[in-house]
Amino acid sequence: MPPRYVKPLICLLLILSTVAVYGQLKDHGFLKIDDPEYVIENYSIHHGLTLKVVAWSFATNHAANWHPLTWLSHLLDYQLYGLNPRGHNLTNLALHVANTVLLFLLLVKLTAALWPSALVAALFALHPLHVESVAWVAERKDVLSAFFFLTTIWAYAWYTEAPSLRRYLPVFLSFALGLMAKPMLVTLPFVLLLLDYWPLGRLAPAAPAAGKRGGAPPPAFRWSRQQILPLIWEKVPLLALTAASCALTIVAQKKAMAPLTLTLGSRIGNALVAYVLYLGKTLWPLNLAVFYPHPENCLPLWQAVGAGLLLGGCTYLVLKMAGRHPYLLLGWFWYLGTLVPVIGLVQVGAQAMADRYTYIPLVGIFIILAWGAADLTASWRRRRLVLALAAGVLLPLLMVLAWVQTGYWRNTLLLFEHAARVTENNYSAYQLLIDLYGEKGRLAEAVSMFRNTIRIRPGYAEAYNSMGNAYAKQDMVAEAIAMYREAIRLKPEFARAYNSLGIDLGRQGNLDEAIAALKKAIDLKPDFSEAYCNLGIAYALQGKRQEAMAMFQEAVKINPGNDGALKMLNLVKQNAGN
């Protein structure tokens, strides 16, 4: 085959294999975790593409994040597909395909090594750890930010060929867009400095191989101040963006940050263990789950110490061997560095780790594996045959595993039943299963999940609220009310529990108490369209037509798609005219 056809053929194979794994997303639905907050109940994006909505996307900290580009992406999808999940899922797939091809072409440009670059891109496309980022609509920020991560590196490579302000601007702008998609990209200036070492060779401009990309630089850390300081200085504008993004993220995620009950020691220990577990799951990608419970302050000391020693030993070997194998230093510190924002030193959320956090960091490990395999077999007689056979076994196996893992994301029940099976004491999975079993009338299973949850986490307000929902579905109103009251006692700012309590108090005929509960829900969550609608119903039952109409109008104003509020508003107007 003529050489000019090889790269296009590899790109085509990468696209086809990725679509073969993820094409099933066209039949997947929205999930009941984050998808409501990002799309289904995010009524701001339902108003259409207006200056007001664009301004909102830049000003809001909705969902405890500042990522305006992600909001605009969801807005565009809503304009194109409404609440049909197919389009939203396929947009994620399209971005993942684009990232895969872009990664392959970028590595070829940087290193001139065709087949190692192809292997890295294939591992990136097909590894099961990346399913979460692609198969979850609310994780659009992963695939979108990764696109700008890669375009920033591409622009940087172009800049280094002939440094100038004109060539630096695309680097700056692409990085800014990436940060506006997901602030996890704050470590990108650090990655660019690693690329200066290898394969760009900018840390040794006088060396014979310096102008040859992908060549071996001189032994690590034998750099003069004159060599390294200019490279750091040129990243100052990017570091300024990093600082601004960090500040905005801290403000946005303040409420989501774990309380101080997690000691610094437990956070450091969990971070060390998570680094090792991610590596383990990279090599053995089984039993992956949407949520891994945090051990909190109960992590055994030996695990943290053992993980720290293992990471330290690997780092020592990388530094020792970096002179002869510079890709080791790039890949290892790419992995360690890009995970820092989400490794849990600043704990956001209740998870110990998350598959989605590996979307960019694992590229570093894949580079080590691909270039390491090439080096390891360099003297073998039948090297090409052995490598082709190994890839021919490994990549189809990853495709099967990723295809199976993607299947679990078809709906929320499948996803969390799987999570409950493959993890222990997964209170978050149990809690959501209470709701799901309750919706399906499987009350006994809901009660079992409730007991499991409060055994593990006795004061978990969400479990009581979910059990209340399950009882309410079975018309066990008194039992439901008791659960909602307990949820509110445990979590006084629980708007959804107040809303549910108001509904069931109304079903009992206690309209005054119901109205008080619904007003409290609205105080806690001013854009709670459902609570406004329920309050309107309570007012209507009391004969207060004007108050009811005002509540229904507010519900429709917040969410134009609230058909229930619209029907009730029309009904009250008709009755008022009689």
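The values are calculated or read from the model by the stated rules, or taken from the named source; none is laboratory data. Keep in mind the model is a prediction, meaning the values are calculated, not measured. Glycine also receives a Cβ, built like all others from the backbone with ideal geometry; neighbour counts cover every protein chain displayed.
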inquiry  = Here is a check on your reading of the model: is Val318 closer than 22 Å to His96 by Cα and assigned by TED's automatic domain parsing to the domain that holds Leu179?
reply    = no
remark   = In the stretch 167-177, anything under 16 Å from Ala157 (Cβ atoms) and of a type in the set (Gly, Ala, Ser) is listed as Ser174
message = With the condition being over 23 Å from Leu541 (Cβ atoms), I'd like the helices (runs of 4 or more DSSP H) fully within the stretch 450-525 carrying at least 3 qualifying residues.
response = 461-473, 477-490
query = Quick check: is even one residue across the stretch 512-531 over 29 Å from Leu83 (Cβ atoms), in contact with a Gly (Cβ under 6 Å, 6 or more places away or on another chain), surrounded by fewer than 23 Cβ atoms within 10 Å (Cβ to Cβ) and not β-branched (Val, Ile, Thr)?
reply = no
remark   = Flagged in the stretch 78-97 as free of Cβ contacts under 8 Å to residues at least 60 places away in the same chain and part of a helix (DSSP H, G or I), in numbering order, are Tyr78, Gln79, Leu80, Tyr81, Pro85, Gly87, His88, Thr91, Ala94, Leu95
query = If you scan the stretch 354-380, which residues turn out to be closer than 28 Å to Met184 by Cβ and aliphatic (A, V, I, L, M)?
reply = Ala354, Ile360, Leu362, Val363, Ile365, Ile367, Ile368, Leu369, Ala370
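Please enumerate the residues belonging to the stretch 530-562 that are polar (S, T, N, Q) and either touching a residue at least 60 places away in the same chain (Cβ under 8 Å) or not in a loop (DSSP other than H, G, I, E, B) (or both).
Asn534, Gln546, Gln553, Asn559
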request  = Identify the residue in the stretch 318-358 that is among the aliphatic types (A, V, I, L, M), over 13 Å from the mean Cα position of the chain (by Cα) and in a helix (DSSP H, G or I) and, among all such residues, is surrounded by the fewest Cβ atoms within 10 Å (Cβ to Cβ).
outcome  = Met321
